[in-house]
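J.: Input: one structure, supplied below.
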There are 2 protein chains.
Amino acid sequence: MKNYELVLHRVEADLAAGRLRIGGRLPGERALAEQLGISRPSVREAVRVLEAMGVVRTATGSGPEAGAVIVAEPVSPLTAVLRLHLATNHLPMGDVVQTRLLLESWSAREAAARELGAGELKVAEELLDRMDDAGLSPEEFHVLDAEFHVALSGLAGNVLIAAVMTSLRSAIHGYVLAAVPNLPDWEATAVGLRSEHRAILAAVRGGEPERAAELVTAHIRGFYQAAQLAPFGGGEGGTAEAEDDDRADDKVQ
Amino acid sequence: MKNYELVLHRVEADLAAGRLRIGGRLPGERALAEQLGISRPSVREAVRVLEAMGVVRTATGSGPEAGAVIVAEPVSPLTAVLRLHLATNHLPMGDVVQTRLLLESWSAREAAARELGAGELKVAEELLDRMDDAGLSPEEFHVLDAEFHVALSGLAGNVLIAAVMTSLRSAIHGYVLAAVPNLPDWEATAVGLRSEHRAILAAVRGGEPERAAELVTAHIRGFYQAAQLAPFGGGEGGTAEAEDDDRADDKVQ
DNA sequence: CCTACCCTGTGGTCCGACCACAGAGGTAGG
DNA sequence: CCTACCTCTGTGGTCGGACCACAGGGTAGG
């Protein structure tokens, strides 16, 4: 086993056992090296990996913010993995888009089925208000658009899916933006997107899960079609046609 | 910008531009250090991160397999991120299970809707045959079970979802195994699981998307219920039936 | 009491060295 | 001539030590 892996295992075990908690700090690099009987460079390699995994945040200086602080930031590592593997061309963008469609339609259905406090919807609402500004550039609009979609996926209450969705959006961002020139009429498109957003939010607020999911699916698919992007099949992110989705509820524990 | 990030950006840019390809090799650490005007330890930190991201594989010695070889292994980084963040207790296991249910039911629907070659189904079929061995321990059975589910999700043809599914299974593995003693009758459970697997595969082969999805959902939910694990709601991985999942994620800090 | 300074501990970076490893190519033996 | 061995070279793996920049806190001075 390589020496830096000693540190990784040590940290993971300490986290699982509760000896390390969010907000806490790792021992200093020199101390850690001595404790494990390895050198500081080896420790540093491990800390870098942990940092890349979104588990620690390092800073110089002194005080509570300095050193290697334990955090829980799953979005950045997911985004990094996605970007790197997209760069290798072994991860088709179409698959990413398809996944996004699946997660987002699920999130909308889920969010609509939940009891949401007014405060939860407020964030999304404000984003839509800001998107009503007609002076926004396509880029500015798209940034808000992305935030809205991410906020929406957060309403489903699944932190893992929300994190994945966020990183998917980041990965797709540039891809979508580059396709804006393909749109025959940006202004007309923006008008359509705005009203679709409002309708989605209304369905979520009104507790209409299936309608919310359908609207989201149509919303995303519509845009990709208009921008002549990544063809993908029917259904919710799928190529399946049937969509009755009569779930076997009632069997809940 | 930290020095090791120079290497990360350089590698990502080279990948995106096609200057680096899968199977190719990174320049030696010493050469890379000199090219970028930084030290070898800094380069090594970056290489470690790339390794953790599943983009390179390092080996000592000489020959084509030695050095830092470019690969595309998205499963291991995803698994690592998942495990570490589960260890922090800021990622509820219930969310992971819910996500698994969503991805797997989608995959089954998708796979059933696709035109599958006989060879694609063969792998899954052989796994089921091996699971028929009555002498298998719960652990051995579960390993094959996991392989079957992963193989199934691969049939949908989305590499991203397949990768995520694989890492989810890894993360869940120990969790599920620890719950086997909760089962009232392991042998009876195994018999049920076997027939459910056959039914799922038949639905996929027969091109019945909705049936395949329903069977998978029922299959997974049934097991979790029997093992008294992670309550999660109705629908395909959803809580659509609105039972507020109060996950025990608010422990630490 | 307030202010400015220095002291201390943190990560960030670098150098130079040595090790283990595995293939390549030369070399001695058949 | 062919084969087996063996050294040679380049790879990553590891180490110790050194110096830097930074930020906070204690302290000496006003």
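The values are calculated or read from the model by the stated rules, or taken from the named source; none is laboratory data. Just so it is clear, the model here is predicted, and its values are computed rather than measured. Don't worry about glycine lacking a Cβ; one is built from the backbone with ideal geometry, like all the others, and counts go over all protein chains shown. Side chains included, ligands, DNA and RNA excluded: accessible areas come from the protein's heavy atoms. Shrake-Rupley method; radii C 1.70, N 1.55, O 1.52, S 1.80 Å.
J.: Could you check residue B:137 against (1) surrounded by fewer than 19 Cβ atoms within 10 Å (Cβ to Cβ); (2) under 22 Å from residue B:170 (Cβ atoms); (3) within 16 Å of DNA strand D (Cβ to nearest atom); (4) more than 9 Å from every other protein chain (Cβ to nearest Cβ) and say which number it fails?
T.: All conditions pass for residue B:137, except number (3).
J.: Further, regarding this structure: Is there any pair linking a residue in region A:58-75 that is aromatic (Phe, Trp, Tyr) to one that is within 11 Å of DNA strand C (Cβ to nearest atom) and open to solvent by less than 40 Å² (accessible area, probe 1.4 Å), with Cβ under 7 Å and at least six apart or on different chains, and which?
T.: Partner pairs satisfying both residue conditions: none exist.
J.: Please go through region A:21-71 and pick out each residue that is more than 9 Å from DNA strand C (Cβ to nearest atom), of a type in the set (Lys, Arg) and more than 20 Å from residue B:5 (Cβ to Cβ).
T.: Correct list: A:21 only.
J.: Looking only at region A:85-116, which residues are charged (D, E, K, R) and assigned to a loop (DSSP other than H, G, I, E, B)? It would help to see each step written out before you state the result.
T.: Keep residues of region A:85-116 that are charged (D, E, K, R), which gives A:95, A:100, A:104, A:109-110, A:114-115.
Selection gives A:114, A:115.
J.: Considering only region B:183-197, how many residues are open to solvent by 20 Å² or more (accessible area, probe 1.4 Å), more than 22 Å from the chain's Cα centre (by Cα) and either of a type outside the set (Ser, Thr, Tyr) or facing chain A (nearest Cβ under 9 Å) (or both)? Full working, then the answer.
T.: Looking only at region B:183-197, we keep the residues that are open to solvent by 20 Å² or more (accessible area, probe 1.4 Å), and these are B:184-189, B:191-192, B:194-196.
With the extra rule that they be more than 22 Å from the chain's Cα centre (by Cα), the set shrinks to B:184-189, B:191-192, B:195.
So of that shortlist, the ones also either of a type outside the set (Ser, Thr, Tyr) or facing chain A (nearest Cβ under 9 Å) (or both) come out as B:184-188, B:191-192.
Selection size over region B:183-197: 7.
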